[in-house]
Each structure stands twice: as structure tokens, then as C-alpha cells.
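Chemist: Quick one: structure below, then a few questions.
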Amino acid sequence: MPENEIPQNAQNREDILTDAALCQDPTTEETVDIQPKEPEHRPAIMLKEVDVYQKKILILSKVSFTIKEGEFVYLVGKTGAGKSSILKLLLAELPVKSGEVSCAGFDLKSIKTRKIPFLRRKLGVIFQDYQLLVDKTVRENLIYAMKATGWKNNNEMEERLREVLKLVHLETKDFKYPFQLSGGEQQRVCIARALLNHPEVILADEPTGNLDPITAEEIFQLLHDINREQGTTVLMSTHNFTLIDKFTSRTICIEDGNLIDTML
């Protein structure tokens, strides 16, 4: 497969890394500790009186909610309701124009551009459309992501590679290319990629939207297992109400421009 071939939904390799929160800022000398840290007893995510826009159009006004460390929270609502825009605010892909937003210890209203890569290294991001490099194997995709986020020691990279593949039950699939995997397996690779840097928060944007019901249930189960066993905070946007009913957790629903929070 040609070296320059890239996923259909990306313009270039840099876009993939930016979208997947894997970008690296070569102009700064700061280093990032990629080892797990003790909890700092602060909210994992906080929005206070935030106006949410889509293409300069106000779609949600004065949004406020807090997610504690270790919570699993669903974000639901119709297409265009603002779910993805909220996730983009947390990734610092959209600017905070009003109110307050914090995520993984970063104040996103005042964050400097050079600090954004360090925010994103504390986040694991999972997309509906996978965004894997199609000309690289599973192993090469994960190694590429680690190098992009500052990993340098080959032994440490190999060890972490094995750890995350075991977590997502793909220990024997590291040599395969994305086109050789099922949709569910590709999504598991994306989850493995999201876990590489021991993220404080996982942001999952419709991670089962392209999957059949049985595979979707497996992905729900896997994310809940990671939340419970690793203590990782998860904010997941989804339309899958059947699985929300099966895997019950706190749910924030966007309805007619308002937020309804179950606060489970």
C-alpha cells in the first residue's frame, strides 16, 4: 500500500494527529510525564455558564456541569444538538467565548496555544470513524502515536504497546493492517491508542455509531471496564439508548437547547 495513503476523512497526517489529540509542539522544551499520577481531587471536567457555538451560531446557552474524577457520563441529544461542539471545547479545538471551562487541570479559557498539546496528552480521544493510518499495522499505528507524543525509549514503548493491546484483547492482532480488521477490532485499536499515555479523561464521540449491535455492546462493556478498573474518567456521546439502558450511568441529555442531567 503506498506510503502516502491516508484515511479518507483526513487531509494529511498532521490532521490525523491533531484530531486524535496526538500532536506534538517541537518549539517548547517542556517535557511531559507520561506515567500515571495520583488524583489531585479536582473536577475532571467543568463547564460553567458556557455558550456553545456551531459556525458562529449560538446553539446552547449558559451550559454548566461538572464531572468528577473517575465518573462515567453519557452525553446524548439529537444530531446538531451540540454534543460534538462540547467535546471540541474540551479538546481546545473551539475557543471558549464565555463562561469557564476546565479539563484535566487546564483552564481552557486562558490556555496558550503552546500548551494545547500538553492538554491533549492528558486526554484519550475515540472517534466514530477510527482515524487509523491505513498503510500501517496495528503496532505501527500505536508506535507512531507514541513517538508523536514524546515517547523515545524503545523498550518502554514496546512494554506499553503490549499493555494496551492486552487491555483491549488484541494481543494477537498487532501485525494486521486496519483493512484486515473488523469494525469492532478497529475501534479497539482506537481505544488502545487513546490509552497509551495513561489519560486522565477519555472523550468518546459516538464510538459505536458504525458498529453492529453485538459489537457495539462489546465496546460499551470495554469502556465501562476501563473506567472501573483503571479509574479513567469517561465522557461518551452516543445515540445508543438501548445500551445506555443496559449499562446505566449518569446521563446528560441535550433537549431543545437545555441540559437535563440525571446525576446518577
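Chemist: If I ask for residues that are touching a residue at least 60 places away in the same chain (Cβ under 8 Å) and among the hydroxyl-bearing types (Ser, Thr, Tyr), which ones from region 209-236 would you list?
Modeler: Within region 209-236, Thr232, Thr233 meet the criteria.
Chemist: I've got another one for you. Just to be sure before I move on: is Val138 farther than 20 Å from Leu94 by Cβ, out of contact with any Lys or Arg (no Cβ under 7 Å at 6 or more places or on another chain) and in contact (Cβ under 8 Å) with a residue 12 or more places away in the chain in the structure I sent?
Modeler: In short, no.
Chemist: Considering Leu259, Leu243, which residue is more than 16 Å from the chain's Cα centre (by Cα), under 26 Å from Gln131 (Cα atoms) and surrounded by fewer than 21 Cβ atoms within 10 Å (Cβ to Cβ)?
Modeler: Every option except Leu243 fails the conditions.
Chemist: Right, another one. So which of Arg120, Arg162 is surrounded by fewer than 21 Cβ atoms within 10 Å (Cβ to Cβ) and either of a type outside the set (A, V, I, L, M) or farther than 26 Å from Val96 by Cβ (or both)?
Modeler: When all the criteria are applied, what remains is Arg162.
Chemist: In contact with a Phe, Trp or Tyr (Cβ under 7 Å, 6 or more places away or on another chain) and of a type in the set (A, V, I, L, M, F, W, C): is that true of Leu87 in this structure? Lay out the reasoning, then the answer.
Modeler: Working: in contact with a Phe, Trp or Tyr (Cβ under 7 Å, 6 or more places away or on another chain): no; of a type in the set (A, V, I, L, M, F, W, C): yes.
It is false that Leu87 is in contact with a Phe, Trp or Tyr (Cβ under 7 Å, 6 or more places away or on another chain) and of a type in the set (A, V, I, L, M, F, W, C).
Chemist: I need the full set of residues from region 207-258 which are among the basic types (Lys, Arg) and more than 22 Å from Ser182 (Cβ to Cβ), in order please.
Modeler: Correct list: Arg228, Arg250.
Every number here is computed from the coordinates shown, using simple stated rules; none is lab data. These numbers come from a predicted model, not from an experiment. Methodologically, a virtual Cβ is constructed for each residue, glycine included, from the backbone with ideal geometry; neighbour enumeration extends over all protein chains shown.
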